[in-house]
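Colleague: Would you mind keeping the following structure in view while I ask a few things?
The values are calculated or read from the model by the stated rules, or taken from the named source; none is laboratory data. Please read these numbers as outputs of a predicted model, since none were measured by experiment. Cβ atoms come from the backbone with ideal geometry, glycine included; neighbour counts cover every protein chain shown. In case anyone asks, the SASA skips ligands and DNA or RNA and just uses the protein heavy atoms, side chains included. Shrake-Rupley method; radii C 1.70, N 1.55, O 1.52, S 1.80 Å.
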Amino acid sequence: RLMLALHLEDDAVPAPGGTAPGTVRVEQRADGLLVRPARSGHGDGHALRLRTADDVTVADDAQLFDDGRRRSAGVVTLLTTTTSDLAIELRIASADDEAAPSDAPGRQAQKEPPASGAGAHWWPDVTALRVAGGPDTDPLAVSLPWLVRDAFVHFLAPRGLEQYTGGAWGTRDVSQGPLELLLALDRQDDARDLLLTILGAQEPDGSWPQAFGFLPGHEHFRMGPPHGDVLHWPVLAVGRYLQASGDASVLEELVDWYTPAGDQAEPATTVLAHLERALDLARAGFLPGTRLVAYGHGDWNDSLQPADPAMARTMTSAWTVTLHHQALSTLADGLAVVGGHRDLAAALLAEAAQVAADLHRYLVVDGELAGYAQLGQPDERGEVTVRRLLVHPRDTETGLSHGALQMIHALGSDLFDPAQAAHHVALLREHLMGVDGVRLFDRPPAYHGGPMRHFQRAETATFVGREIGLMYVHAHLRWCEAMAHRGDAEALWLGISQVLPPATITVVPGARRRQANSYPSSSDAVVLDRADFARRYAEVLTGQTGFEGGWRIYSSGPGVLVRVIAQSLLGIRRRGSTVLIDPVLPALLDGLTAEVPLGGGLLHVHFRVGPRGHGPIEVRLAGRLLTAARIENPYRPGGLAVDLADLAGALLPGGPELEVHLP
């Protein structure tokens, strides 16, 4: 059974305040229900017209409370009988609208093109990514539409359940979840529009704010100053879009710069000029004598904002350095896909190599990548010394010896050779793995509750969740990406299962039941406070404390997870006019089938999975062996690249199935 709760409002009855009795009336009409404000002194207003072919009982909000008492006349509930799906059409109409009766929507109506009204096909299109294959895949199969729903909440109306009073686009966040979602669904036009909006929020000096308003009337909301990593996310996003689309025209698109209200606007420039200004600003922020970007006001981990302003200018974050390297190399690769910018692409690759060299020179110490390093000024010979390391076995100040973020991103960006990669995976497994997934540090940061010493919220926040609770799902998803890149199918599948709410209860010891259709952004230990958390951390790692699902829905994580499923697990990725087929699947998923949005259609795929689970040996379409080229991967046999044109027939309704053979 399903229940919908509709909270209604109009100009005179704002939500969620108490509404007067009689504010809402429900009328049964030939063409469905009409829900509208009662006639009153403020006028008739508008009404909500509802049509459905399902058996629905209309009630008030008493159904929402244990005591069965009505609280508000502004809430209407709709209750179904037992059903497996529900089709309801809602639209705003005049309260006196007496439209002619029409057929109520049934399940078939969802599949037929609408007679009028653009966008009626939208929801089936964006939830077209599907998998099937038996009980092992059920949690993933039922989660996919909800993950897409959560991702679009973050994209289109960034207000979460815990943050409903306002919202904006975090530059870092919107460059990840929404963009990765759109690329996973192969919605390239939407991804292009998103990028142009992000670039239109860029400051004339080349920077972006931490967050910015994008809805009408909110354009001048700017949150700053930005963390040191924010500058690199839009550059990486453009590179990813170029890789996927092969769209050279976007580089010449004219885009405005942000202008404060009342100021003289700077002339619009090309996307390429926007990127060059961002890259120049990044270069201006190098620590003296190096190619390492300064820490600035923090990095991705929002709890690690520096307590001492001097740290912002003299410290570097290894994770931000890996991001900078990834942005440079991805943009260079994207330029190679679109063609025509050979010199710029070569210069970016050379710069990325310099960044990688300095990362190994200053940040890889005793064979382990440190989280942070504070550097001195170059001496008379131009040599730079490391004054101290933080989040490393040599760290004697913070109590943190190992950090996950920098290691995971270095693995995913090919910054380690195979031996170094294997060593860091072993470190992650030994020091940073709990039963619920990868954890940010090997132990909780010390709680001071008074003057800050190194990092702000890490030392003062009382809430044990998200970064403070150390199991932040977003970072765990990057671990899943890295495991796919290495070809560890078992680790990838376990990692995905650990964060899918329907699967968590069965694969994570100590996991408590949680809302199964809602992405939790963290795994929160059931402890009293931060002192209790630190004291019982060994029990946290084994699940003895129990775990609750953390902050729900409003996160870039769902979009990232959809891309991990589509492009890392199923391994279907666009690269201009080429399709990369690079699945990483455990043997238990032999026989898995999937439908993946591609090229304006749906690619139906059937996977034959052997014990290795990666590096496909052949792909066949309707029994015909397709011509394919092997993709390079420094850690394992890569996937296969085929021409999109060779798959054209398979993307049509009723087209043949693509068969992928994994040894």
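Colleague: How many of the residues making up the range 286-322 are more than 15 Å from Q377 (Cα to Cα) and of a type in the set (S, T, Y)? It would help to see each step written out before you state the result.
Modeller: Filtering the range 286-322 down to residues more than 15 Å from Q377 (Cα to Cα) leaves 295-309, 317-322.
Retained after the next criterion (residues that are of a type in the set (S, T, Y)): 295, 303, 317, 320, 322.
Adding up the residues that qualify gives 5.
Colleague: Follow-up question, since we're still on this one. Specify the residue that is most open to solvent (accessible area, probe 1.4 Å); the eligible residues are those in the range 459-495 that are among the β-branched types (V, I, T) and assigned to a helix (DSSP H, G or I). Show your work before the answer.
Modeller: If we filter the range 459-495 for residues that are among the β-branched types (V, I, T), which is where we start, we get 460, 462, 464, 468, 473.
Then drop every residue that is not assigned to a helix (DSSP H, G or I), which leaves 460, 468, 473.
Values: T460: 46, I468: 15, V473: 5 Å².
This residue is T460.
Colleague: Report, by residue number, each residue of the range 389-412 that is over 17 Å from V321 (Cα atoms) and open to solvent by 40 Å² or more (accessible area, probe 1.4 Å).
Modeller: P393, R394, T396, E397
Colleague: Looking at the range 296-348 only, could you name the residues that are open to solvent by 10 Å² or more (accessible area, probe 1.4 Å), among the hydroxyl-bearing types (S, T, Y) and touching a strand residue (DSSP E or B) at 6+ places or on another chain (Cβ under 6 Å)?
Modeller: Passing the criteria: only T314.
Colleague: Restricting to the range 185-216, give me the number of residues that are open to solvent by less than 50 Å² (accessible area, probe 1.4 Å) and assigned to a helix (DSSP H, G or I).
Modeller: Adding up the residues that qualify gives 9.
Colleague: Scan the range 618-647 residue by residue and report those that are open to solvent by 40 Å² or more (accessible area, probe 1.4 Å), of a type outside the set (K, R) and more than 29 Å from the chain's Cα centre (by Cα).
Modeller: Of everything in the range 618-647, those that are open to solvent by 40 Å² or more (accessible area, probe 1.4 Å), of a type outside the set (K, R) and more than 29 Å from the chain's Cα centre (by Cα) turn out to be E618, A622, G623, L625, T627, A628, A629, A645, D646.
Colleague: Still on this structure: Hey, any hits in the range 252-267 for a residue that's under 20 Å from H341 (Cα atoms), charged (D, E, K, R) and part of a loop (DSSP other than H, G, I, E, B)?
Modeller: Scanning the range 252-267 turns up at least one residue that is under 20 Å from H341 (Cα atoms), charged (D, E, K, R) and part of a loop (DSSP other than H, G, I, E, B).
Colleague: While we're on this one: Please enumerate the residues belonging to the range 492-520 that are among the aliphatic types (A, V, I, L, M) and over 19 Å from Q406 (Cα atoms). Outline the logic, then answer.
Modeller: Here is the first cut: in the range 492-520, the ones among the aliphatic types (A, V, I, L, M) are 492, 494, 496, 499-500, 503, 505, 507-508, 511, 516.
Of everything in the range 492-520, those that are among the aliphatic types (A, V, I, L, M) and over 19 Å from Q406 (Cα atoms) turn out to be L494, I496, V499, L500, A503, I505, V507, V508, A511, A516.
Colleague: While we're on this one: Just name the residue that is modelled with the lowest pLDDT out of those in the range 443-458 that are open to solvent by 10 Å² or more (accessible area, probe 1.4 Å) and in contact with a Gly (Cβ under 9 Å, 6 or more places away or on another chain). Even if it seems obvious, please write down each step before you answer.
Modeller: Step one: filter the range 443-458 for residues open to solvent by 10 Å² or more (accessible area, probe 1.4 Å), giving 443-454, 456-457.
Filter once more, so that each one left must be in contact with a Gly (Cβ under 9 Å, 6 or more places away or on another chain): 443-446, 456.
Numbers: R443: 95, P444: 93, P445: 89, A446: 86, Q456: 75.
So, considering only residues that are open to solvent by 10 Å² or more (accessible area, probe 1.4 Å) and in contact with a Gly (Cβ under 9 Å, 6 or more places away or on another chain), the one modelled with the lowest pLDDT is Q456.
Colleague: Right, something else. Which residue, of R608, R563, R573, is open to solvent by 20 Å² or more (accessible area, probe 1.4 Å) and more than 18 Å from the chain's Cα centre (by Cα)? Let's see the steps before the verdict.
Modeller: Working: R563 fails: more than 18 Å from the chain's Cα centre (by Cα); R573 fails: more than 18 Å from the chain's Cα centre (by Cα).
Unique residue meeting the criteria: R608.
Colleague: Return yes when H121 is surrounded by 13 or more Cβ atoms within 10 Å (Cβ to Cβ) and modelled with pLDDT under 80 and no when it is not.
Modeller: Details: surrounded by 13 or more Cβ atoms within 10 Å (Cβ to Cβ): yes; modelled with pLDDT under 80: yes.
So H121 passes the test.
Colleague: Do you know which residues across the range 632-660 are part of a loop (DSSP other than H, G, I, E, B) and closer than 21 Å to G599 by Cα?
Modeller: Going residue by residue through the range 632-660, those that are part of a loop (DSSP other than H, G, I, E, B) are 632-639, 652-657.
Answer for the range 632-660, where residues must be part of a loop (DSSP other than H, G, I, E, B) and closer than 21 Å to G599 by Cα: G639, L652, P653, G654, G655, P656, E657.
Colleague: A follow-up question, please. Of all residues in the range 349-374, count the ones that are open to solvent by less than 10 Å² (accessible area, probe 1.4 Å) and free of Cβ contacts under 8 Å to residues at least 40 places away in the same chain.
Modeller: So the count comes out to 1.
Colleague: Being aromatic (F, W, Y), open to solvent by less than 60 Å² (accessible area, probe 1.4 Å) and within 18 Å of the chain's Cα centre (by Cα): is that true of Y554 here?
Modeller: Working: aromatic (F, W, Y): yes; open to solvent by less than 60 Å² (accessible area, probe 1.4 Å): yes; within 18 Å of the chain's Cα centre (by Cα): yes.
It is true that Y554 is aromatic (F, W, Y), open to solvent by less than 60 Å² (accessible area, probe 1.4 Å) and within 18 Å of the chain's Cα centre (by Cα).
Colleague: Identify, by number, the condition in (1) touching a Gly at 6+ places or on another chain (Cβ under 6 Å); (2) under 21 Å from A237 (Cβ atoms) that R574 doesn't meet.
Modeller: Unmet condition: (1).
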